[in-house]
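The values are calculated or read from the model by the stated rules, or taken from the named source; none is laboratory data. In this text, all values refer to a predicted model and were calculated from it rather than measured experimentally. Virtual Cβ from ideal backbone geometry, glycine too; neighbours counted across all protein chains shown. Each accessible area value is taken on the protein alone, full model and side chains, heavy atoms only, with ligands, DNA and RNA left out. Shrake-Rupley method; radii C 1.70, N 1.55, O 1.52, S 1.80 Å.
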Amino acid sequence: MRRRCTWNIFQSIEYAGEQDQNKLYNFFGFLMDHFTPPSGERSPISPVFRENDTCRDTEGERYICRWAVEVPDGYTGPRLTFPMTFCGVSKLVEAFKQRQKLHACYVLQLLGETWRLLQILPNINHISFCHTREITICGDLHGHLEDLLLIFYKNGLPSSEKPYVFNGDFVDRGKNSLEILLILFGFLLVYPNNIHLNRGNHEDHIVNLRYGFTKEVVGKYRVHGKKILKLLQKIFSSLPLATMVDHKVLIVHGGISESTDLNVIARLDRHKYVSTLKPPKQSFHTTNSRMADSDGLVESRPRLRSLPIQSPTSTRRHDFPRRSLQHPPVSEQLYWSVEKELRKRRKQAGFDQSYGDMKMSASDQNLDTGTDNHEWKQIVDILWSDPMPQNGCIPNKLRGGGCYWGPDVTKNVLGRHDLQLLIRSHECKQDGYEFCHDRRVLTIFSASNYYEVGSNRGAYIRMGPNLNPHLVQYQASSTCIDLTLRQSVSWTERSALQALRQQLFVHKSDLISAFKKFDPDSTGLISTKDWASATESILKLGLPWRVLRPQLVSGTQQGMVEYRQWIGELSLREPHLEISDTSILEIMYKNHSNLETIFRIIDTDHSGLISLDEFCQTWKLLSSHLKMEISDKTVADLAQSIDFNKDGVIDINEFMEAFRLVGISGHK
């Protein structure tokens with residue numbers, strides 16, 4: 001149960017972040033539709049949200065040639081020759097094992113060759129066992145290079161005799177996303193008929209702004225990072241959407257919906273879906289909105305329509321017995337009482353068992369109007385959706401995109417296309433894989449230690465002509481091998497609880513207000529039941545707070561929580577900034593991910609620096625997004641205080657590090 005609760009903490013915080021990202025994107029979509037900058041001024045946000053036309057053939061050749069980069073004689077890293085060979089990509093793998101860096105010249109060349117190849121690939125790749133004896137299928141890697149290298153070590157390098165399917169989400173979260181892409185693209189160039197890459201929901205430049213890939217590329221290639229990111233943006237929109245094995249096994253990143261039609265997916269133009277967070281601009285809007293960016297690429301300003309977001313169902317109070325995570329329950333009756341609380345809490349917040357309570361909103365029902373929107377919904381569904389145990393198909397409000405689909409939808413869609421198995425990824429699983437829907441849906445996740453060292457195993461699939469999946473599990477960490485199960489659970493539990501304390505800290509003002517409603521006499525004491533109810537009403541994470549209470553609250557008096565003292569214990573290190581309104585610090589803590597994302601949107605040259613004026617503009621956008629008033633003086637004071645060296649610009653990396661949340665124990 002400790003392991004289960006720990007897992008739910010990580011997952012709840014992750015999904016809350018994804019929903020928050022989509023809400024922020026909706027906000028920018030609204031600005032793009034309704035905001036016009038004053039005459040003579042450029043919009044600070046439009047470059048990120050422009051529709052990216054696809055350059056092909058000779059135009060694409062000229063586009064890549066303009067980005068030629070010289071390699072200095074003193075360069076000691078790997079050198080590539082084109083066309084790529086197995087020897088060349090093998091050397092690249094070895095170089096990345098030794099933490100060597102590939103020169104930007106070769107990065108751009110390799111990406112350019114990959115882009116050319118992807119233009120001719122179909123939306124759905126087909127694999128036949130007439131030409132191979134076994135195929136390997138991998139799930140999310142999320143920048144975990146050590147997992148990819150371990151898979152190659154255990155299973156062998158890709159070749160004509162050992163084909164692979166990589167099912168999306170190669171980037172974000174981990175620190176070696178670019179190296180993973182370069183290795184996979186290298187093998188794709190050598191074995192274009194045996195390496196198959198599906199697009200994931202994180203192969204999206206808008207998503208990359210929040211989850212780390214943009215920051216990683218710019219950090220590794222400061223001079224040429226913008227060029228690399230622009231080329232990758234085109235590559236992501238060119239990745240195939242699905243892979244079919246022997247016309248019987250469908251492999252997609254997210255899943256399906258009741259309207260999934262493989263015939264529509266096979267013939268749509270995937271290249272125009274640069275970001276799946278919005279549909280492409282309708283053809284009748286395109287005539288007067290063409291513009292060229294600073295690199296000479298023709299781009300257009302889209303009419304945005306963002307994914308619908310709605311809040312989870314409201315929380316109701318329940319009275320549950322207290323259980324400590326330090327001492328796992330031993331009796332079956334005790335186990336199920338905790339399990340019952342866990343399920344009910346997650347149901348209240350819209351997790352897992354609550355699918356049946358969600359209803360299709362009007363905006364969701366209208367997504368199919370128009371050919372472009374119908375195609376867009378097909379792509380969103382296969383990249384963002386998750387399975388659920390109940391029958392039906394409903395909006396996926398936890399992630400903010402795609403749907404939840406049930407066993408009946410699986411049966412109908414697979415039957416309609418004469419399929420016997422759906423393989424998907426998109427969700428981290430503790431064992432690296434999970435069957436559902438009468439074993440007709442298989443989730444595979446290949447990034448081990450995704451949340452924390454020891455949090456989960458990775459896995460991959462080996463499949464032969466009989467189409468029976470053989471699952472191989474692993475954990476790419478020597479630390480995990482030496483830990484007992486209890487030690488591993490304790491390790492990940494500490495990390496999860498620290499992440500949860502950070503969430504509690506950034507909502508401390510809202511929590512105090514919620515607690516006071518249960519304390520009309522201002523005694524500073526509330527019952528454990530009321531503490532749990534109030535906490536869930538603010539954070540909406542669907543967690544069993546009464547089970548977690550002994551881990552979060554140091555002490556109680558006869559079942560009563562001293563909430564003022566507890567809030568004080570949550571205090572984290574704050575920067576020493578001389579500003580007139582300290583309430584802005586809490587806003588910053590609570591919205592630091594949104595703030596960093598807005599910074600990266602405004603920082604169009606990816607320099608990591610923004611001017612003081614841009615900083616103030618950032619706060620105006622954030623305050624508009626939050627629908628709250630922040631005075632110009634407060635923002636100006638904050639900007640001046642953060643500009644430590646008084647050079648007129650703010651280093652975004654130093655800024656975010658200055659406001660990193662550090663616990664008292666960690667600070668000591």
Sulfur and carbon atoms: percent of accessible area, the range 386-506 [1.4 Å]: 44 percent
By average C-beta atoms within 10 angstrom, highest first, the peptides 512-521, 260-269, 162-171: 162-171, 260-269, 512-521
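Report the local net charge at D438: Lys and Arg +1, Asp and Glu -1, summed over other residues whose C-beta lies under 14 Å from its C-beta.
Details: positive: K411, R439, R440; negative: D408, E434.
Taking every Cβ under 14 Å from that of D438, the sum is +1.
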- prompt: Given the pairs K101/K234; K429/K517; K226/K272; K230/K278, which are separated by over 28 angstrom at their Cα positions?
  reply: K429/K517
message: Tell me the net charge near S522. Cut-off is 12 Å between Cβ atoms, S522 excluded, with +1 for each Lys or Arg and -1 for each Asp or Glu.
response: +1
query: Between C616 and K646, what length comes free when the chain is fully extended (0.36 nm per residue of separation minus the Cα-Cα distance, one decimal in nm)?
result: 9.2 nm
query: Distance in nm between label sites at T85 and S607, each 7 Å beyond Cα in the beta-carbon direction?
result: 4.3 nm
Rough spin-label spacing in nm, given labels placed 7 Å along Cα→Cβ, for R133 and Q420: 2.1 nm
- prompt: How much length is gained on full extension from K248 to L504, taking 0.36 nm per residue of separation minus their Cα-Cα distance?
  reply: 87.4 nm
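Please list E427, E134 in order of solvent-accessible area, largest first, computed with a 1.4 Å probe with all protein chains present.
Per-residue accessible area, sorted high to low, gives E134, E427.
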field: Histogram of C-alpha separations across the range 389-500, 10 Å bin width, %
entry: 13, 34, 31, 18, 4
statement: Flagged as over-length at 30 Å C-alpha distance, from K215/K411; K397/K508; K508/K529, the pairs are K215/K411
statement: Here the FRET efficiency for N412 versus K516, based on Cβ atoms and R0 = 51 Å and rounded to 0.05, is 0.50
message: I need the phi-derived Karplus couplings for the range 400-414: 6.51 cos²θ - 1.76 cosθ + 1.60, θ = phi - 60°, integer Hz, Gly and Pro marked x.
response: x, x, x, 9, 9, 10, x, x, 5, 5, 4, 4, 5, 5, 5
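Please give the contour-minus-distance gain from R494 to S160: 0.36 nm per residue of separation, less the Cα-Cα distance, rounded to one decimal in nm. Show your work: numbers first, answer last.
Numbers: separation 334, 0.36 × 334 = 120.24 nm, distance 4.50 nm.
Gain in length upon complete extension: 115.7 nm.
Does the range 56-209 come out rounded, prolate or oblate by the C-alpha gyration tensor, with a ≥ b ≥ c the root eigenvalues, rounded set by a/c under 1.5 and, if not, prolate when a/b is larger than b/c and oblate if not?
On the way: a/c = 1.39, a/b = 1.23, b/c = 1.13.
Taking the square roots of the gyration eigenvalues as a ≥ b ≥ c, the range 56-209 is rounded.
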Cut-off 12 Å between beta-carbons: net charge of the residues surrounding H144, Lys and Arg +1, Asp and Glu -1: -4
statement: Of the range 427-451, those with amide N under 15 Å from the point 7 Å along the Cα→Cβ vector of L471 are 427-448
